[in-house]
Each structure stands twice: as C-alpha cells, then as structure tokens.
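To start, the structure itself, in structure tokens.
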Amino acid sequence: MESRSGHLSWLPHLILVLGLALVGFPIYVTFVGSTMTTPEILSGHMSLIPGGHFVENYLAALTQGMPQLSGVPVARLMLNSLIMALSIALGKMLISFLSAYAIVFFRFPGRMVCFWMIFLTLMLPVEVRIVPTFQVTANLGLIDTYGGLAIPLIASATATLLFRQFFLTIPDELIEAARLDGAGPLRFLWDVLLPLSRTNLAALFVILFVYGWNQYLWPLLVTNTASMTTLVVGIKSMLTVDANTPWHLVMAMAILAMAPPAAVVLLMQRWFVKGLVDAEK
Amino acid sequence: MATVTLSAVTKSYAGNAVIHGIDCVIEDGEFVVIVGPSGCGKSTLLRMVAGLEAITGGTIAIGDRVVNQVEPKDRDIAMVFQNYALYPHMTVFQNMAYGLKIRGLSRDAIRARVDKAAEILQLGALLERTPRQLSGGQRQRVAMGRAIVREPQVFLFDEPLSNLDAKLRVQMRVEIKRLQQRLGTTSIYVTHDQTEAMTLADRLIVLNGGIAEQIGRPIELYERPASLFVAGFIGSPAMNFLDGAAGDDGRVVLAGGTVLAATAPAGSGVTVGIRPEHLVPAAESEAAAHLHVDMVELLGADTIVYGTLGEGGPALLLRLAGIAQIAAGTRLPLGFPPEQLHLFDRATGKRL
C-alpha cells in the first residue's frame, strides 16, 4: 500500500468517515430502536442513546411466538434463513464447480452448446422466469419445504463462469504432469483443482451466502405457512397497517437479519479479498 | 531401463501431417536429444512417447511393449516440463511424493525415495518449501526430483532449461548430464538450442518440418552433415554456404570463379559449405580467394571476421583462434582446405 505523507493525507480519511457515517447512521438508529419500547420510538423525539430494553427485546424476538407470524418465534425464521442461505451457497458452489470442471477439462460433444446455454441464463433475471419456476416447484410438491426454498436458486451461471475463467488459467502442463503422476479426473479435481480454488471458493461463499440470505421475492412466493418463511420475509409480515406494529421487535429483527451476513463477511474477509484480488500464481 | 523404438511414427492434426514417419531405436541407457527449430514437431514427438498425444500412425515401443494404446501413467516414464509444472499448493516433498502416493507406495518407501532424490539434487533443505518460495533453478531441480523418484524406464525432457537464465542453463546442463550418467536411465531430451544438443547427446535427432533430417552422434553430424539443413543448424557460428557448379570435368567452381579442389557430378548445381573455423588465411601466392573484411568481433578466445567473398560477393564468416588483429577493409587471402568442404546438391539439399 502506498503511504502518502503531506498536506492532503486527511482528505481520504475525511471521505471515508463521511461515507461510513452515511451508511452506518441508519443502522445505528435501528440498533438504538431495538433497545427501546415502541412508545419510546414513536414518541416523536427518539433518543440516539441506546435504551434499557436490549436483553428483553431480543429475548422476546427470538423466543416469543409472534402473533403477526402465527405464533412462530424469530429464532425459527433465522434457522430457515440460515438453512436456505447455506443450501444456496453450497449448492451453487458444488454445481458450478463441477459444471465448470466439465466444460474446461473435458472434450465431449455439445460442450460449447452447454457452455452457451449456461451463459444465456445470465440474461434472464430470476423475476422473468419466476412464474414458470413457481409452477414447476408447485408441481413437484416443494411448496413450504427447504428444497423449494433453495433448489430453484441454486443453478448459477455467474459462479460457473468465475470457475471457468479460473480453470482456464491453470497451465496445461500441470494437468499433464498430474496425468503422468497417475491422477485420474477425480483425483485431479480433489488433489489439485480444489486446493488451488480455495480462495475463489471462499470469496464465492461470502457473496452467495449474502445473496441467499437476502432473498425476498422467492421465499415470499414459495412459502405459505409462517413456520417455513425466512427472516427477511418475516420482517415485512410484522409491519401491519394499523398502529399495532411492535417497532422495537421489528428493529431487533432487522439487526438479527443483518448479523449473520455481516459475521460471514467479517470472518472470511481475508479469504474474500484474496480470492477476488490475487490469482495466486 | 529400456530401449525406445519408434517405427514409422506419424502424426497429423485434422489431416495436416506434422510428423512424417520417424524411425529410430533409442538404446538402453542412451541420451538422445531431439533438436530442431520451433514448429518442427520435436515436442509433439516427445509428447507422443509420453502418451500425451495420440499416435496417428506407426508404433512406439518402450522395451518390448508397444505403448500406442497405453495410458501415460502406465508407460513407466517420467517427464520434465519447460515450465516445471509443479503443484503450486504442495511442498517440495509433496510434489515429489504425489505420484508415488497415487501408486500406493508405503509411507516409508516414499520417504526413502524422496530423501534419496533430494540428496542427489541437493534439495534436502528445501523439502518443506512450496514452489513459489524457490528460485527457477531450484524449481527445475524439484521437477527433476519428481521424475527421479518414480524410477522410470525413460526420462523425457521437454526444453527443461529454456526458462532459466544463461548462466544457470549451463550449470543445469552439466547437472543433467551428470545425473543421467549416474542413473543410466534412457533419456529423450527436446531442445531448440544446438549447444545444449551437442553437449548432452549421445545421439542427436535433427528434426525439420516433421522429418528426421539426420540421426547420429553429435560429432558425426558436425563432421558429415547429411543435408544443408543439418549443416546450417549444427555448429555456431553457422556454416558458410556458397553457390557453385560442377564443370564438365567435375571440378567445382564457385559463382565468383574460384576453382575448388573438389569434384561433383558434371554439370550439377552445388552448394558448397565450409565452417567459419575451417577457413584459413593463406599466403598471397596460394590464395584461392580473398575476403573483403567489413567487421571484426574480438571475443578473446577467438575472433570472428565478417566479410564478403570478393568485392560484393556472398557473405562469408571466418573464425580464427585467439586474438587476430585484422582491420575492417582489409583484403584477406583465404584458402579452402579440400577436406573441410561439404558439397550439397543444390536442388535436393542432400550431401553429395
């Protein structure tokens, strides 16, 4: 990193601090709200200093059945979100790793057709194909199941392309050396390709976990019972049109919804940046 | 150890032939170098022996076994690649051990073999490092170690020294030669560098456009090149070529009118070759021709004189041992020792 001494060194800091304040303030307000009671929040002059109901509010949110959610506690929704996000992230990684492996390292009829078909799905956003996808999911009896939540979102052209680009950078001689060493296709995959891809895998996991966790439209469609819905959808259900919205709990749920993706990003930050930045060669 | 027998080996890609029938028997323990310009098919030929390229026609046998349909891993060979092809995420030890591990050797046997190879190659202190922590020469040694531990019947080298700097290349060349002599393993080595080829080879295969121009001991190729191509490729600086023709009496006369003490079939067009180190300055009275000197390179050990044969004639190089004080512009009387002349048919390029 280039270190910059002199009269302008405060400027980047100032910009960063301003940006941080801009992004961070609403989150801070949400957090403060989650430590108060609803009347305090709605009083019109809400304090910016955290209130005294932190433990109480979060315990209530996590364990109490919510009337707005047909009596399901938030802990259950978090579990649903977690299962969905993990399934999507891991499923996408598995599928795209294997399909990129097939496309790059094997010569088979229709290889390029397969590649272009995968590539074409990039052109179609989820929303465009959501009705037929719903139809298929419903016919398969996957409504209100984890399978229904995760499987339709697993196919991923982006991740396949990412792996394909990475695999193409692996020199042919390395593959040939492995062949001479007697490593078959599966051994090569396991012993060489997978270890070489680990930073890519980590970066992808972070991106895909956040993507899966933040899904809204699809879980809304594919779940009918409150106990199968996800946290992100649950927050929306809490907002009732009358004045009975328990804002302190909504705020707590918002913070709870932010925590796991934030934790994943923070914990895997080092790998994440490495995977995006360096080619490790 | 084994012989390697190539019989009428051909290779074509989608109907385009790149190797046109190579026949060669590589003896047990022999070090054979395949040399040629880029694109001549030398790497393709090596890769066919390795099993990385399919064989279009003919057969390749290692020992008594025809290996056309045998998987690379079952051919009992080891290959050293130009860019080393080490596994970047494995340590030196793991790199060398990987092939043995797959073959199911016991942990102790692997340890013993790797340690032995590491000792030969002086890699003992580096076993726990990863390839990125090694210099180019060290990586090259690891790549050779990976070949040695397999104790194969044949070593294959694909331009292994091309990525090294000049000094290291000379050093590694000597090491490879020593190693091969010590292990006595049949080796096939591909290079485009004729110095490497001359110094390493027991026998050379000069490949040009997918055809073996000549197969023989390096000195044979130097002394009796079978074709114009071999004559020009082997030896540095390259051989001088002069146009000539055989008169009615068969005496060869150069384009400039110089009559040489050599004969060829009467009336044929001849290319006369003579190496720069075989041209000799002569006394004025005995001079067959004169070199018009236009540049002189003093290298200390020898002197390279650039010039033309006669005023405005064909370019000619002369190499003299030691330091010769010759000024540009000098007219240098030359002699053509008859025993050092190489005559080639101008139409076919074959030796006469």
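The values are calculated or read from the model by the stated rules, or taken from the named source; none is laboratory data. Computed from a predicted structure; not experimentally measured. Heads up, the Cβs are rebuilt from the backbone with ideal geometry, glycines too, and the neighbour counts pull from every protein chain shown.
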Return the only residue of B:Gly104, B:Gly99 being within 19 Å of B:Val149 (Cα to Cα), small (Gly, Ala, Ser) and more than 8 Å from every other protein chain (Cβ to nearest Cβ). B:Gly104
Those residues of the stretch A:195-210 which are over 30 Å from A:Asn80 (Cβ atoms) and of a type in the set (A, V, I, L, M), in sequence order: A:Leu196
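Can you go through A:Ala257, A:Ala243 and tell me which one is more than 14 Å from chain B (Cβ to nearest Cβ), modelled with pLDDT under 90 and either over 30 Å from A:Pro171 (Cα atoms) or in contact with a Leu (Cβ under 9 Å, 6 or more places away or on another chain) (or both)? Before you say what the answer is, go through the steps one by one.
Details: A:Ala257 fails: modelled with pLDDT under 90.
Result of the check over A:Ala257, A:Ala243: A:Ala243.
Inside the stretch B:275-352, counting only strands (runs of 3 or more DSSP E) that do not spill past its ends, which hold 3 or more residues that are among the polar types (S, T, N, Q) and exposed (fewer than 14 other Cβ atoms within 10 Å of the Cβ)?
Answer list for the stretch B:275-352: none.
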Whichever residue in the stretch B:188-231 is of a type outside the set (D, E, K, R), free of Cβ contacts under 8 Å to residues at least 40 places away in the same chain and in a helix (DSSP H, G or I) and, among such residues, is surrounded by the fewest Cβ atoms within 10 Å (Cβ to Cβ): B:Ile219
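If the requirement is being closer than 29 Å to B:Glu151 by Cα and in contact (Cβ under 8 Å) with a residue 40 or more places away in the chain, which of these qualifies: B:Ala17, B:Ala2? Walk me through it before giving the result.
Working: B:Ala17 fails: closer than 29 Å to B:Glu151 by Cα.
Among B:Ala17, B:Ala2, only B:Ala2 is closer than 29 Å to B:Glu151 by Cα and in contact (Cβ under 8 Å) with a residue 40 or more places away in the chain.
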Looking only at the stretch A:164-187, count every residue that is within 14 Å of chain B (Cβ to nearest Cβ), free of Cβ contacts under 8 Å to residues at least 24 places away in the same chain and of a type outside the set (Gly, Ala, Ser) and tell me the total. 10
In the stretch B:16-42, how many residues are surrounded by fewer than 20 Cβ atoms within 10 Å (Cβ to Cβ) and either assigned to a helix (DSSP H, G or I) or not assigned by TED's automatic domain parsing to the domain that holds B:Glu175 (or both)? 0
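Rundown of residues vs (1) assigned to a loop (DSSP other than H, G, I, E, B); (2) of a type in the set (A, V, I, L, M); (3) without any contact (Cβ under 8 Å) to a residue 40 or more places away in the chain; (4) surrounded by 22 or more Cβ atoms within 10 Å (Cβ to Cβ), yes/no style:
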residue	(1), (2), (3), (4)
B:Ala85	yes, yes, no, yes
B:Gln94	no, no, yes, no
B:Asp108	no, no, yes, no
B:Arg111	no, no, yes, no
B:Arg129	yes, no, yes, no
B:Gln138	no, no, yes, no
B:Arg141	no, no, yes, yes
B:Arg169	no, no, yes, no
Within the stretch A:61-96, how many residues are among the hydroxyl-bearing types (Ser, Thr, Tyr) and not in a helix (DSSP H, G or I)? 1
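Under the condition of being assigned to a helix (DSSP H, G or I) and farther than 23 Å from A:Ala243 by Cα, which residue from the stretch A:28-57 is modelled with the lowest pLDDT?
First pass over the stretch A:28-57, keeping only residues assigned to a helix (DSSP H, G or I): A:28-33, A:38-42, A:54-57.
The next check asks that each one be farther than 23 Å from A:Ala243 by Cα; those that pass are A:28, A:55.
Values: A:Tyr28: 93, A:Val55: 90.
Among them, the one singled out is A:Val55.
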Looking only at residues that are exposed (fewer than 14 other Cβ atoms within 10 Å of the Cβ) and in contact (Cβ under 8 Å) with a residue 24 or more places away in the chain in the stretch A:122-143, which one is farthest from A:Leu221 (Cα to Cα)? A:Leu122
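Just for the stretch B:136-154: of the residues that are within 11 Å of chain A (Cβ to nearest Cβ) and basic (Lys, Arg), which one is nearest to B:Ala97 (Cα to Cα)? Write out each step before concluding.
Pass one, the stretch B:136-154, residues within 11 Å of chain A (Cβ to nearest Cβ): B:143, B:146-147, B:149-150, B:152.
Imposing the further condition that a residue be basic (Lys, Arg) reduces the set to B:146, B:150.
On the way: B:Arg146: 7, B:Arg150: 9 Å.
Filtering the stretch B:136-154 for residues that are within 11 Å of chain A (Cβ to nearest Cβ) and basic (Lys, Arg), the one nearest to B:Ala97 (Cα to Cα) comes out as B:Arg146.
Taking only the stretch B:58-92 into account, find how many residues are more than 9 Å from every other protein chain (Cβ to nearest Cβ), over 25 Å from the mean Cα position of the chain (by Cα) and either under 25 Å from B:Met172 (Cα atoms) or not hydrophobic (A, V, I, L, M, F, W, C) (or both). Spell out the reasoning first.
As a first pass, look at the stretch B:58-92 and keep what is more than 9 Å from every other protein chain (Cβ to nearest Cβ): B:58-70, B:76, B:80, B:91-92.
Still in the list and also over 25 Å from the mean Cα position of the chain (by Cα): B:64-70, B:91-92.
With either under 25 Å from B:Met172 (Cα atoms) or not hydrophobic (A, V, I, L, M, F, W, C) (or both) added as a condition, the list becomes B:64-65, B:68-69, B:91-92.
Number satisfying all stated conditions: 6.
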All but one of (1) within 14 Å of chain B (Cβ to nearest Cβ); (2) assigned to a loop (DSSP other than H, G, I, E, B) hold for A:Asp144; which doesn't? (1)
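Residue-by-condition table, conditions (1) over 22 Å from A:Ile41 (Cα atoms); (2) among the hydrophobic types (A, V, I, L, M, F, W, C); (3) surrounded by 20 or more Cβ atoms within 10 Å (Cβ to Cβ); (4) without any contact (Cβ under 8 Å) to a residue 60 or more places away in the chain:
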{"site": "A:Leu208", "(1), (2), (3), (4)": "yes, yes, yes, no"}
{"site": "A:Tyr211", "(1), (2), (3), (4)": "yes, no, no, no"}
{"site": "A:Gln215", "(1), (2), (3), (4)": "yes, no, yes, no"}
{"site": "A:Val265", "(1), (2), (3), (4)": "yes, yes, no, yes"}
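Among the candidates A:Leu221, A:Leu194, A:Leu161, which residue alone is part of a helix (DSSP H, G or I), surrounded by fewer than 19 Cβ atoms within 10 Å (Cβ to Cβ), within 14 Å of another protein chain (Cβ to nearest Cβ) and of a type in the set (A, V, I, L, M, F, W, C)? Can you show your working first?
On the way: A:Leu221 fails: within 14 Å of another protein chain (Cβ to nearest Cβ); A:Leu161 fails: within 14 Å of another protein chain (Cβ to nearest Cβ).
Checking each option against the conditions leaves just A:Leu194.
What tally of residues in the stretch B:243-258 results from selecting those that are farther than 20 Å from B:Ala347 by Cβ and in contact (Cβ under 8 Å) with a residue 24 or more places away in the chain? Quick ask: steps written out before the conclusion?
In the first step, residues of the stretch B:243-258 are kept if they are farther than 20 Å from B:Ala347 by Cβ; the result is B:249, B:256-258.
When the remaining residues are screened for being in contact (Cβ under 8 Å) with a residue 24 or more places away in the chain, the result is B:256, B:258.
Summing the residues that are farther than 20 Å from B:Ala347 by Cβ and in contact (Cβ under 8 Å) with a residue 24 or more places away in the chain in the stretch B:243-258 gives 2.
Find the residue count for the stretch A:164-188, including only residues that are buried (at least 17 other Cβ atoms within 10 Å of the Cβ) and either assigned to a helix (DSSP H, G or I) or of a type in the set (S, T, N, Q) (or both). Can you show your working first?
Looking only at the stretch A:164-188, we keep the residues that are buried (at least 17 other Cβ atoms within 10 Å of the Cβ), and these are A:164, A:166-167, A:170, A:173-183, A:188.
Among the residues that remain, those that are also either assigned to a helix (DSSP H, G or I) or of a type in the set (S, T, N, Q) (or both) are: A:164, A:166-167, A:173-180, A:188.
Residues flagged as buried (at least 17 other Cβ atoms within 10 Å of the Cβ) and either assigned to a helix (DSSP H, G or I) or of a type in the set (S, T, N, Q) (or both) within the stretch A:164-188 amount to 12.
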Considering each residue of the stretch A:197-215, count those that are of a type in the set (Ser, Thr, Tyr) and within 11 Å of chain B (Cβ to nearest Cβ), and give that number. 2
